[in-house]
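The values are calculated or read from the model by the stated rules, or taken from the named source; none is laboratory data. Just so it is clear, the model here is predicted, and its values are computed rather than measured. Glycine gets a Cβ as well: all are built from the backbone with ideal geometry, and neighbour counts include every protein chain shown. Side chains are part of the model used for accessible areas, which takes the heavy atoms of the whole protein and leaves out ligands, DNA and RNA. Shrake-Rupley method; radii C 1.70, N 1.55, O 1.52, S 1.80 Å.
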Amino acid sequence: RHHGMGIKGALAVAEALRINSKIRSVNLGDNWFGDQGTSALSEVLSANSTLTSINLSENRIGQKGVTALCRRLKENSTLAEMSLKGNALDDRGGKQRSDALMTSTSLTKVDLSYNHLGEGAGRSFGEMLSANGYLIDVNLKWNSLRAKGSAAIAEGLRNNHVLNQIDLGWNGLGDDGA
């Protein structure tokens with residue numbers, strides 16, 4: 001964490017994780033991997049069958065990196081925890097992220113806090129939470145879900161009997177979203 005490895009570091013770590021069958025958890029937060037580095041690391045999700053936790057917080061991940069992660073997440077059956085905290089993710093790709101989370105049968109904890117997720121992402125997450133039977137902990141604090149986004153999430157929670165914890169703090173919910 002906090003090593004500023006950049007793209008070259010991401011490529012080296014990705015290569016090592018492809019062949020290493022011992023590492024279960026990797027914290028790669030705050031390394032400025034960007035889309036190219038994140039795309040390389042996403043390949044690990046389909047090649048490594050022992051990784052259960054990955055932290056990619058604060059890595060300046062854009063839409064291309066998220067697209068690569070979502071595509072590979074659908075192919076992974078061991079990853080239980082993923083953090084994409086603080087990557088300035090917004091509503092673009094919200095449906096894609098939700099679809100990937102909906103189809104994952106191994107992911108139980110996801111942290112998307114400190115991003116720029118708005119009402120559109122709230123609607124997508126609401127739909128996902130209604131159908132997902134595996135996630136038990138979701139962190140969405142410090143986004144911009146507002147009243148409409150949080151209402152959509154609340155609607156999705158009506159059909160979810162698995163989720164134990166969801167953090168919606170600091171989302172500008174107001175009285176209408178509470």
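A few notes on this one:
- Within the stretch 139-153, the set of residues being surrounded by fewer than 24 Cβ atoms within 10 Å (Cβ to Cβ) and within 17 Å of the chain's Cα centre (by Cα) comprises 139, 141, 142, 144.
- Where residue 125 falls short, out of the listed (1) open to solvent by 10 Å² or more (accessible area, probe 1.4 Å); (2) over 15 Å from residue 38 (Cβ atoms); (3) not small (Gly, Ala, Ser): (1)
- Residue count for the stretch 31-72 satisfying the condition of being within 14 Å of residue 83 (Cβ to Cβ) and over 15 Å from the mean Cα position of the chain (by Cα): 3.
- Taking the conditions (1) under 20 Å from residue 125 (Cβ atoms); (2) modelled with pLDDT under 95 in turn, residue 47 satisfies each one other than (1).
- Candidates are the residues of the stretch 109-145 that are touching a Phe, Trp or Tyr at 6+ places or on another chain (Cβ under 6 Å) and not aromatic (Phe, Trp, Tyr); the one that is nearest to residue 175 (Cα to Cα) is 141.
- Yes/no for residue 23 being free of Cβ contacts under 8 Å to residues at least 24 places away in the same chain and either touching a Ser or Thr at 6+ places or on another chain (Cβ under 8 Å) or open to solvent by 10 Å² or more (accessible area, probe 1.4 Å) (or both): no
- Close Cβ contacts (under 9 Å, 6 or more residues apart or on different chains) running from residues in the stretch 79-90 that are touching a residue at least 24 places away in the same chain (Cβ under 8 Å) to residues that are among the β-branched types (Val, Ile, Thr) and in a strand (DSSP E or B) comprise 79/54; 81/54; 81/110; 82/54; 82/110; 83/54; 83/110; 84/110.
- Applying the set (1) at pLDDT 95 or above; (2) open to solvent by less than 10 Å² (accessible area, probe 1.4 Å) to residue 11 leaves exactly one unmet item: (2).
- Scanning the stretch 97-122 for residues that are within 20 Å of residue 38 (Cβ to Cβ) and open to solvent by less than 60 Å² (accessible area, probe 1.4 Å) yields a total of 15.
- Strands (runs of 3 or more DSSP E) enclosed by the stretch 86-178 - at least 3 residues per element that are within 18 Å of residue 72 (Cα to Cα): 109-111
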